[in-house]
Structures are given as structure tokens and as C-alpha cells.
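Working notes, beginning with the structure itself.
Taken together, the values in this text are just the output of simple stated rules run on the coordinates, not laboratory data. Just so you know, these numbers come straight off a predicted model, no measurement behind them. Note: ideal-geometry Cβ built from the backbone for every residue, glycine included; neighbour counts use all protein chains shown.
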Amino acid sequence: MPRQRKSLTGELRTVAIPVYMSPTERETLGERAGSLSLSEYLLMAGLGHYVSQRRQRLPVPELNRLIYLELEKVSRNLNQIAKACHVAVQRGCNCDVDTNEIAAVIVTIQRIRLEVIAATIDLEDEDAEL
């Protein structure tokens, strides 16, 4: 059985309506829906709700994907160090690591990770201008 979803008002959606369309209409609606499912797009548009034109996900270069994953590992390791320091302090031991600095570095890593992914969008945009 398909997963049931709730409407914006919280009411459970239990009614299905089959819709027939040509392949061309299907393709056009799929493009307009962007990252939304076609049924979600049609429902929102039919109810008169604003449907944002979301951008299609661009392919991420393999190097950017690997950098993104490696930065995630570094961030996890820093979280483990910060946790170990908190536990040590709770047990009455001394911890020479400043957990505030670790938190700041983690935030910086998260920003860099987003830039690594966003860089692909910028590169795609620059290629389109050439």
C-alpha cells in the first residue's frame, strides 16, 4: 500500500484520482514540477497554492563529491573530540582543548561543504555564458 500523506490542513489524503494525458503533456508537466513529484505539483497548482519553480539538481563532479564526504569525516572526528572533552570535564579531568574553537571549526567546515556543492552550480552557470 502506498504511503499516505497529510494535506496542508493535516487531513489524511485517502482519495486517488487517475489523470490521463499525452506523453508531451506529461513531459511538460514533469519539467515544470522540477524536484516536486508530479502528483504534488498538480495538487498544489490545482488548489491555487504557489508552486515555486525549483531548479533541477545538477550533477556533482566526482571530485566535489569526494571532498564533501571527506569534510564530513573531519567534522565527525571533531565532534568526537569535543564529546570526549565534555565527558572528561564531567568526570573531573582536565581537557586542554577549547570546545568553542572546535565548534567554530565545525561551522566553517559545514560552510565549505556547502560551497563545494554550490561551486558546481556556479561552474554550470559560467559554462552557459560561454
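Of the residues Val116, Val60, Val74, the single one that is surrounded by 12 or more Cβ atoms within 10 Å (Cβ to Cβ) and not in a helix (DSSP H, G or I) is Val60.
Residues in region 36-48 that are surrounded by 12 or more Cβ atoms within 10 Å (Cβ to Cβ) and out of contact with any Gly (no Cβ under 9 Å at 6 or more places or on another chain): Leu36, Ser39, Glu40, Leu42, Leu43, Met44, Ala45.
Taking each residue of region 83-112 that is in contact (Cβ under 8 Å) with a residue 12 or more places away in the chain and in a loop (DSSP other than H, G, I, E, B) and looking for partners that are surrounded by 11 or more Cβ atoms within 10 Å (Cβ to Cβ) and not polar (S, T, N, Q) with beta-carbon atoms closer than 6 Å, six or more apart or interchain, yields Val97/Cys85.
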